[in-house]
Every structure is written in structure tokens, then in C-alpha cells.
Amino acid sequence: MNTQVASHEPHSQALDLPLKTALARTAHGISPASVAMAHADWLTHLLVSPSRQSELASSALQKSLLWLRFASQAWAGPCAPCAEPMPGDKRFARSDWQLPFFATLAQGFLLTEQWWDEATRGVRGVSRHHEEVASFTVRQWLDMLSPSNFAALNPEVIRGTLASGGANLATGLANFWRDAIAVAAGGPPRGVEAFRPGEGVALTPGKVVHRNHLMELIQYEPATERAQKEPLLIVPSWIMKYYILDLTPDDSLVRYLVSQGHTVFMISWRNPGADDRNLGLDDYVETGVLQALAEVRRIRPGTQVHAAGYCLGGTLLAVAAALLGKRRDPVLRTVTLLAAQVDFEEPGELGLFMDESQVALLEDLMAERGYLDGREMAGAFQLINSKDLVWSKLVHEYLMGARTPMTPMRAWNADATRLPARMHSEYLRRLYLENHLAENTYAVHGETVSLRDIRVPLFVVATERDHVSPWRSVYKVLPLVSAPSDFVLVSGGHNVGIVSPADGPLAFAEAAYRHASHARHEAPLDAQDWLGSAPAAARGSWWTCWSQWLGRHSSGTVPAKPVTKVRLSGKVVPAPGAYVLVP
């Protein structure tokens, strides 16, 4: 009997799985083979490149001389630095780091960072992916070894220790053990209990009007006497719970839209378990987006629907919109994509974790339980921005002995979801590795779809400092569709840039956005060209711009009606519903 696994199987042979799943858990879902191959590619080509070795040796000598000159001048008085930190690096920004000893340490570290960045780049023969992985992993090691992470080398920690008689270190140790016990027990971080959906967050009034195995559909109560005729359906990402768009009353996008006279529907994805291992991307399109649209039309017959998708929810919506366009189904009035990619050729630093070795390891990890736990995926996101998410916490909480207060956003971030094995494998392979959607070869239940079939007006929002969906990658949807489009580039990152209240106590004073409209097929092909020709940034939240755009693309207002009571399992289910509460 032939026991070899067929090429289409999503995981290894049974004999291999115990070892590979143990390896995947130990490495927090990062493929050691992928990292090793990247460094082997870099080192091998560097060893046979004497000219590059000579250049790096010369650079090391120059940097050493710069550092020695700075060290000698620093003790004589203030002097200009010989190296500048990367944009956004605030580890050495405080005045204590200007003292001669600590300034010398910091400058030496920054010069070392510069040299290693040079060393891991520009080696002839190294593949682009391996170069990026090698540079990234070296940067992680350097971030770990930064003098700011060591109590005896950090002047802020030394000052705090002397001032408190060491109490900060004792408190920091207690903080560390508290967090370590919580992680070992698989429990949530301390303080998240204050932000349970329906109690501390997700408070906008509404009702669940439809439920199936995959999602609940929530309709929110109107807050105005009249509402836009066309309702709005929001499709959040399935790798996060929807209530990031309905946090507190002061920073809820849902509440804002309702207050502006929009009838809002929201998909709340079910948190899958082992029995859902065979749910695929096609199920999320058909049973998720398309069924939600059908229910919205049943509730609001005779009207078209504005649809918006956030992050991977936007990718899913783009697939559904292309499918509807091919079928000439006129259900969609407009499509809005929020920090969503459809072209994964340049997916940013998340692409560092996307190659055959990495995907195969994740498939093996999912094979045992039938899903990927969101906490296992969180490690990749933390690595991308480790200075802020890992090492700054070490200094703040474990060396300085402080506690970072729990916030609605942090509590939401800790409320992880699971991903069905088949769906996640298809997502990684068909979108990230093979880029089927951008190449118009993506198929839903065997029916090939093309983004060119999206003809309804398109509103695309990207954020400037997005590590998950880089704005230049998000922009690539514009040349791929056959629709008039508006592109908005927003200040902030993947989450904070999108959750940007228009007013109130949580509105960001620094919030700004660039906005340009384009007729069909007239958007610049290149994102940088768009940036060069875009209008100057406007102050304030992009929410206002979007609400006005939705209004211009609606057909007037109608009297607002309360949400119809729908009984599910014999009772009316108020927002935020039941699925969002499943841990």
C-alpha cells in the first residue's frame, strides 16, 4: 500500500507530524529551516565575494574611527553624534543618554546597527527574500542586545533604581512573574476583564438579525430620524474580532456612522474550533459575505448596499465584489477597502514569514488541532515591531517596575481568534505565495474571478505606518479594477490609523490624511507617483471624508426604522451577539 502523502495534502505524513508540530511550537510558528536557508544563502555568497568583504571591512574601520573620535570628544563636552537612530527609534531620546558614557554606548550600538544593515544587503547572488529575512533576523538580535535593555547600561533604569532604592527592580520582577504565570496558564493579560464585549466595549445598540455556522449579522439601531437609503455592510477580518470598529463610545466607527445617518450592518465571525478544520476561503465568501449581503437585501428590499471591508475582510470583500461583478449582480452600490491588500507581491514585513518552508510548517502545526491559534500568530506581529511591542515593555515594566494600563485597544488585541486549517492554508498559498487574486486566476468554487469586474465606485484607505498592509501594497488595487476610485492615505498605523475618531476626547490632534479622486483607469500606476501628485494633507479624521463620500454615492434619505426583532433559538439577541463572546 502506498502511504505517501499526495502533493495536495495540507500537511506532512503522520510519522512526521509529532516532531514538526513540536518544532513549530518551540519556534513560535517561525520556520527554523526558512531562517537557516536565508542566512546560508547570504553567508555563502558573502564568502565568495572578496570585494564585498573588503567594502565591509573598510566600512567597519571607518565606523570604528568615527566612534573613537566621538568617544574622545564626548568627555570634553557636547558634540555632534556620529550616527542617527532610525526614524521612530526613541530608545536613546531621553537626556540621560547624552551623558558621555551612555552617549558613547548608544553611538557604538547605532554604528553597529548601520554596519550590519550594510552587511546583510547588497551581496550579489542572494535572493531578495533571503536578503530581507537575513537583515530582519539580524535586526532582531541587535534589538535584543541594545544597551537600553540592560539595567546596568540604561541611565534611566539606573536613576530609577537609585531613587527608589531598588524597588523598581523588585516590582519589575513581580510583574515578570505575573505575566509569565499568565502566559504559561494560557490566560488573558491582567485587566482585560474590564473590556468584555457588551460591557466595556462594543456598546453601540443593535440586534443580531441573522446567524449561520460561520457568522452573525448585526444591525445597529438608528440614531437619526432619517437615514441614507442604501445601508452599509462592514466585513471585518476573520483574524480579529469585529469590535475594533466598535470599541468605546468615544472611538467607535460604528457609532459615528450611525450618528451620521447610515444604516450599519456588521459581520461578526464565529471563532472556529477543531470541527471546522475543513472550512475554506470559498465558505467565507459564500456563507459569509454573500449570505450577509442577501440578508441585508431581505431586510432592506429593493436597495443596493454599500460594502466595506477591513484588513483581510477587505480582501474577502474584493473577491466577493469581483464575483458579483462577473455575475452582473447589481447588489453593491460602492466598495470600501480599509487597509486591505489584493496584490501580495510586496506584502511588507509579513512577507518575511511567507515562503514554502514557512507555510508548510504552519500547515503541520494546524494539522494536529485543525486550526491555528491566534496567539501563535501574534508572535509574528510582535517580531515585526519588536522595539515597541517587546523590548520597550521589558524596560518599562520589568526594569522600571511600571505597569502599562490596559486600554480597549490592548484588550481587543489580546482577544485572539482561531483560524481553520484549510482556510488559512488556502489564504497563505493562493494569496500570499501565488498571488492569484492580483493575477486574475483566483477561483471561487471553480469560478474564476477578475478584479477588472469591479466597476462600482471604490474608496480605498491606507495608513502611512502600516506594518501589516503597507500603503504602497494597498494602493495596487487601483490599477487592477475598472472603477472610479478614491484613495486616502492616513496618518498612523494599521489599527490606530483606522480607528481615528472625528471628534471627542479620543480624537488625535495629529490626525491627517491625503485624498485624491480618480476616474476609471486614470489613477497613477505607481503609488509613489500618486504621492507626488496628491493634494496636501488635510487635518482631522478620514471618517468625515468617508461619510461624506458615502452620502454623495447614496440616492437620498428615508425615514429611519428601528431594527426588526429576529428570534434566534427562541430569543432576540442584542449586539454584540454571541459569537464575539466565544474565547
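The values are calculated or read from the model by the stated rules, or taken from the named source; none is laboratory data. These numbers were taken from a predicted model, which means no experiment stands behind them. For neighbour counting, all protein chains shown are included, and Cβ atoms are generated from backbone atoms with ideal geometry for every residue, glycine included. Areas reflect the complete protein model, heavy atoms only, side chains present, ligands, DNA and RNA absent. Shrake-Rupley method; radii C 1.70, N 1.55, O 1.52, S 1.80 Å.
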Euclidean distance between Cα centres, the stretch 487-521 to the stretch 231-298, Å: 21 Å
What is the list of residues in the stretch 43-86 whose amide nitrogen lies under 13 Å from a point 7 angstrom out from the Cα of E118, following Cα to Cβ? 52-67, 83
Note down the relative contact order for the chain as a percent, whole number, built from C-alpha pairs under 8 angstrom at least six residues apart. 19 percent
Percent antiparallel among DSSP beta bridges (both partners in the stretch 457-554, rounded to 5): 55 percent
Restricting to the chain, what percent of DSSP beta bridges are antiparallel, rounded to 5? 55 percent
Where the Cα atoms of the chain are projected onto their three principal axes, how long is each span, largest first, in whole Å? 78, 65, 52
On average over all directions, what projected area in square nanometres does the stretch 287-347 have, based on the convex hull of its Cα atoms? 4.4 nm²
Cleavage-rule hits, trypsin sites (Lys or Arg not before Pro), the stretch 71-139, DSSP coil, Cβ neighbours within 10 Å at most 15: K90, R94, R121, R124
Given a 1.4 angstrom probe, I'd like the percentage of the accessible area of the chain that is carbon and sulfur, rounded to a whole number. 58 percent
Considering only the stretch 316-470, percent of DSSP beta bridges that pair antiparallel, nearest 5: 55 percent
What does the accessible area per residue of the chain come to in Å², with a 1.4 Å probe and no ligands, DNA or RNA counted? 45 Å²
I'd like the FRET efficiency for R429 and H213, computed as 1/(1 + (r/R0)^6) with the beta carbon distance as r and R0 of 25 Å, rounded to 0.05. 0.55
Under 19 Å from the R465 label point (7 Å along Cα→beta-carbon), backbone N, the stretch 319-354: 339-340, 348-350
Taking the Cβ of D503 as the center, what net charge do the other residues with Cβ under 11 Å away carry, scoring Lys and Arg +1 and Asp and Glu -1? -2
Students often get this wrong, so check it: of K207/K571; K229/K571; K207/K565; K241/K326; K241/K571, which have C-alpha atoms separated by over 19 Å? K229/K571; K241/K326; K241/K571
Excluding L233 itself, what net charge comes from residues whose Cβ is under 12 Å from its Cβ, given Lys and Arg +1 and Asp and Glu -1? +1
Please list, by residue number, every one of the trypsin sites (Lys or Arg not before Pro) in the stretch 306-353 that is coil in DSSP and has at most 16 other beta-carbon atoms within 10 Å. R327, R328
